[in-house]
Amino acid sequence: MNTYATVVLAAGKGTRMRSALPKVLHQLAGAPLLAHVLKAIEALPLSFPSLDTHLFSHRPVVVLGYGAAQIEAAFAERCLYALQHEQLGTGHALLAAQSVVEVLDPVPQTVLVCYGDMPLITSETLARVLVEHLTQHAAITFLTAYTQQPSDFGRVVRDVSGRVREIVEVRRATEEQKRINEINSGVYCFDREWLWPTLQALPRNFAGEYYLTDLIATASAQGRVITTVQGTVDETIGVNDRVQLATAEQVLRRRVLERHMYGGVTIVDPATTYIDDDVRIDRDTVILPGTMISGKTTIGAACRLGPGTAIEQSVLGNRCIVRNSMLEEAILEDDVSVGPFSHCRPGTHLAQGVRMGNFAEVKNSYVGAQTDMHHFSYLGDATVGEHVNVGAGTITCNYDGVRKNHTTIGAHAFIGSDTLLVAPVTVGEHAHTGAGTVVRHDVAPGALVVGAPARFLRMIESPEHVSAEDGK
Ligand code: UD1
Ligand code: CA
């Protein structure tokens, strides 16, 4: 069995971000940069067709420094942590992980290293680096990419026969070296036995720091095996500043959209559609322009969402329609329609077939199956039964200035236009309220109440007795 450990370097402040927030906590498609890197690591398979041994991996070791407590709080048990007290370069950062890596059981023979600011790296590419390393029995294997705009990346210097000689950081590169368009992506595999003593012996460089990249020249001088794997520039994007953050966002967004499109989701205008990485969408759902779906949202099949819609952290069943509306922490069962211009706030649960129309708001409420709420209404802290008609302009007066009070509306009730339900209050099943009623006391099942304050008028025999003044 081969064992490896992964080390993610994330101790830097990210000075070029000009931010109080540690760089790796900046958000990309709804998750911090570091979360994307961890996700790629965690998705690494443990067996490969080309290797005859199984791999064993440990939880990733993350090297922290600036904002360590904040980052550790965000990722908790997901990783192991090492502390780099002073940021003296990427080589120094890796050395800070040694004491944590060496006490892992079993001790890893291979150390896979990547940077916390490369959120677009994929598990497929990490796997290629790992497999190449193990099959070549190399001291170092690292990922490179070719680009016409090598910008601030380290350049890969090779000799005439193509063997890697060193990685030169741009600050130290000659004009000729700056023209090299093979860059260092920032993913490395090291043979553990070679790595630690060599890293300990690494001298400070021109910048007074210890660069991980200087290990390449050392290995080359010792005649050790160095291999490279070629990746794409896209997954190499290192986020050093906010311009690169926006570039990464664009690449990731496109990647997410393509995954959904290949998975059977129609996205009418990818340029104006924003979907977070953790969103799940079932097939034949159509997403119209100007739609943003974020958080851990799950959407069923054959829904129609948008245009101009924002859905956060919600669960939608099949065949839902949401137009020009906003959903936050809401649950919509199958066949629910919302909008245009409505708002489901946290705690909204709309059961099967609910129709919530224009300019309506629901908060912290359960609305039963097939209930209609077509125009200008507010339901807050309410439990509404099935087949209820919530007339235009109905309001639950849930807040008395001190506390939020509950409203209960029984199944098949008919709430007339402009009814004010002064909570706490219960309207019984099959009860009716006339237009403009102000309900301050409970209404018995089957009763019709009218006026302000509400007074009992008569009993309704069946739910078909619906007065014409109740808007629908
Ligand atoms: C680094 C590489 C460069 C490569 C590029 C790829 C070095 C010296 N250079 O440059 O060859 O092309 O990444 O994106 O490695 N960090 C620490 N402690 C430190 C310094 C850095 O943990 O003392 C962490 C940072 O938090 C960051 C990562 O290491 O996540 C890379 O550091 P950064 O300063 O971004 O290196 P680059 O200049 O991008
Ligand atoms: Ca970087």
- Message: So, in the range 227-248, how many residues would count as being more than 14 Å from ligand 1 (Cβ to nearest atom) and buried (at least 20 other Cβ atoms within 10 Å of the Cβ)?
- Response: 1
- Task: Among what's in the range 204-226 and is in contact with a helix residue (DSSP H, G or I) (Cβ under 8 Å, 6 or more places away or on another chain) and more than 27 Å from Lys23 (Cα to Cα), pick the residue that is most open to solvent (accessible area, probe 1.4 Å).
- Result: Arg224
- Item | Those residues of the range 1-34 which are within 12 Å of ligand 2 (Cβ to nearest atom) and within 19 Å of the chain's Cα centre (by Cα), in sequence order | Lys23, Val24, Leu33
- Kindly indicate whether Lys13 is open to solvent by 20 Å² or more (accessible area, probe 1.4 Å), modelled with pLDDT under 95 and among the basic types (Lys, Arg). yes
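Results for (1) touching a strand residue (DSSP E or B) at 6+ places or on another chain (Cβ under 8 Å); (2) free of Cβ contacts under 8 Å to residues at least 40 places away in the same chain; (3) of a type in the set (Gly, Ala, Ser), shown as yes or no for each residue.
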{"residue": "Gln200", "(1), (2), (3)": "no, no, no"}
{"residue": "Ala221", "(1), (2), (3)": "no, yes, yes"}
{"residue": "Ile237", "(1), (2), (3)": "no, no, no"}
{"residue": "Arg253", "(1), (2), (3)": "yes, no, no"}
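Table: residues versus (1) outside any strand (DSSP E or B); (2) of a type in the set (Gly, Ala, Ser).
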{"site": "Pro346", "(1), (2)": "yes, no"}
{"site": "Val362", "(1), (2)": "no, no"}
{"site": "Tyr366", "(1), (2)": "no, no"}
{"site": "Leu379", "(1), (2)": "no, no"}
{"site": "Thr396", "(1), (2)": "no, no"}
{"site": "Val402", "(1), (2)": "yes, no"}
{"site": "Thr408", "(1), (2)": "no, no"}
{"site": "Ser417", "(1), (2)": "yes, yes"}
- Message: Conditions first: (1) within 16 Å of Ile226 (Cβ to Cβ); (2) more than 9 Å from ligand 1 (Cβ to nearest atom); (3) surrounded by 24 or more Cβ atoms within 10 Å (Cβ to Cβ). Pro119 passes all but one, so which condition is the exception?
- Response: (1)
- Any chance the range 26-33 includes a residue that's touching a residue at least 12 places away in the same chain (Cβ under 8 Å), open to solvent by 10 Å² or more (accessible area, probe 1.4 Å) and within 13 Å of ligand 1 (Cβ to nearest atom)? yes
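This table checks each residue for (1) on the phi < 0 side of the Ramachandran plot; (2) more than 16 Å from ligand 2 (Cβ to nearest atom).
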{"position": "Gly89", "(1), (2)": "no, no"}
{"position": "Pro108", "(1), (2)": "yes, yes"}
{"position": "Thr122", "(1), (2)": "yes, yes"}
{"position": "Ala145", "(1), (2)": "yes, no"}
{"position": "Gln148", "(1), (2)": "yes, yes"}
{"position": "Ser161", "(1), (2)": "yes, yes"}
{"position": "Glu176", "(1), (2)": "yes, yes"}
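Applying the selection to the range 135-147, what residues are among the aliphatic types (A, V, I, L, M), assigned to a strand (DSSP E or B) and under 17 Å from Ala219 (Cα atoms)? Before the answer, list the steps.
Filtering the range 135-147 for residues among the aliphatic types (A, V, I, L, M) gives 138-140, 143, 145.
Those still in the list that are assigned to a strand (DSSP E or B) too: 140, 143, 145.
Of everything in the range 135-147, those that are among the aliphatic types (A, V, I, L, M), assigned to a strand (DSSP E or B) and under 17 Å from Ala219 (Cα atoms) turn out to be Ile140, Leu143.
Results for (1) open to solvent by less than 50 Å² (accessible area, probe 1.4 Å); (2) touching a Pro at 6+ places or on another chain (Cβ under 9 Å); (3) at pLDDT below 95, shown as yes or no for each residue.
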{"residue": "Ala35", "(1), (2), (3)": "yes, yes, no"}
{"residue": "Glu42", "(1), (2), (3)": "no, yes, no"}
{"residue": "Asp52", "(1), (2), (3)": "no, no, yes"}
{"residue": "Ser57", "(1), (2), (3)": "yes, yes, yes"}
{"residue": "Val61", "(1), (2), (3)": "yes, no, no"}
{"residue": "Tyr66", "(1), (2), (3)": "no, yes, no"}
{"residue": "Ala73", "(1), (2), (3)": "no, no, no"}
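When you look at Ile183, is it surrounded by 18 or more Cβ atoms within 10 Å (Cβ to Cβ) and in a helix (DSSP H, G or I), yes or no?
No, not satisfied.
Mind listing just one residue for me: the one in the range 84-104 that is surrounded by fewer than 15 Cβ atoms within 10 Å (Cβ to Cβ) and under 26 Å from Ala207 (Cα atoms) and, of those, nearest to ligand 1 (Cβ to nearest atom)? Outline the logic, then answer.
Filtering the range 84-104 for residues surrounded by fewer than 15 Cβ atoms within 10 Å (Cβ to Cβ) gives 85-86, 99, 102-103.
Checking which are under 26 Å from Ala207 (Cα atoms) leaves us with 85-86, 99.
On the way: His85: 10, Glu86: 8, Ser99: 15 Å.
It comes out as Glu86.
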- Task: With the condition kept exactly as written, say whether any residue in the range 271-290 is at positive phi and over 20 Å from the mean Cα position of the chain (by Cα).
- Result: yes
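Looking at the range 178-209 only, could you name the residues that are within 16 Å of ligand 2 (Cβ to nearest atom) and not charged (D, E, K, R)? Can you show your working first?
Filtering the range 178-209 for residues within 16 Å of ligand 2 (Cβ to nearest atom) gives 183-188, 207, 209.
Selection gives Ile183, Asn184, Ser185, Gly186, Val187, Tyr188, Ala207.
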- Task: Working carefully through the options Thr383, Thr394, Thr437, find the one that is crowded, with 19+ Cβ neighbours inside 10 Å and under 23 Å from Ala351 (Cβ atoms).
- Result: Thr394
- Exception for Ile267 within (1) within 18 Å of the chain's Cα centre (by Cα); (2) open to solvent by less than 30 Å² (accessible area, probe 1.4 Å); (3) of a type in the set (Val, Ile, Thr) falls at (1)
- Message: On the basis of being among the basic types (Lys, Arg), assigned by TED's automatic domain parsing to the domain that holds Asn318, over 24 Å from Ile140 (Cα atoms) and surrounded by fewer than 16 Cβ atoms within 10 Å (Cβ to Cβ), does Arg253 make the cut?
- Response: no
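Among the residues of the range 148-168 satisfying the criterion of being part of a loop (DSSP other than H, G, I, E, B) and over 25 Å from Thr110 (Cβ atoms), which is least open to solvent (accessible area, probe 1.4 Å)?
The first filter runs over the range 148-168 and keeps only residues part of a loop (DSSP other than H, G, I, E, B), leaving 148-154, 159-163.
Cutting the leftovers down to over 25 Å from Thr110 (Cβ atoms) gives us 148-152, 159-161.
Details: Gln148: 160, Gln149: 146, Pro150: 16, Ser151: 68, Asp152: 61, Asp159: 34, Val160: 159, Ser161: 77 Å².
Residue satisfying both the conditions and the ranking: Pro150.
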- Which one of the conditions (1) over 25 Å from the mean Cα position of the chain (by Cα); (2) within 12 Å of ligand 1 (Cβ to nearest atom); (3) in contact (Cβ under 8 Å) with a residue 40 or more places away in the chain; (4) open to solvent by 50 Å² or more (accessible area, probe 1.4 Å) does Val107 fail to meet, given that it meets all the rest? (2)
- Determine whether the range 128-137 contains at least one residue that is open to solvent by 10 Å² or more (accessible area, probe 1.4 Å) and under 19 Å from Leu212 (Cβ atoms). yes
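The values are calculated or read from the model by the stated rules, or taken from the named source; none is laboratory data. Note that this is a predicted model, so its numbers are computed, not measured. Cβ: placed from backbone, ideal geometry, glycine included. Neighbour counts: every protein chain shown. Ligands, DNA and RNA are excluded from the accessible area calculation, which covers all protein heavy atoms including side chains. Shrake-Rupley method; radii C 1.70, N 1.55, O 1.52, S 1.80 Å.
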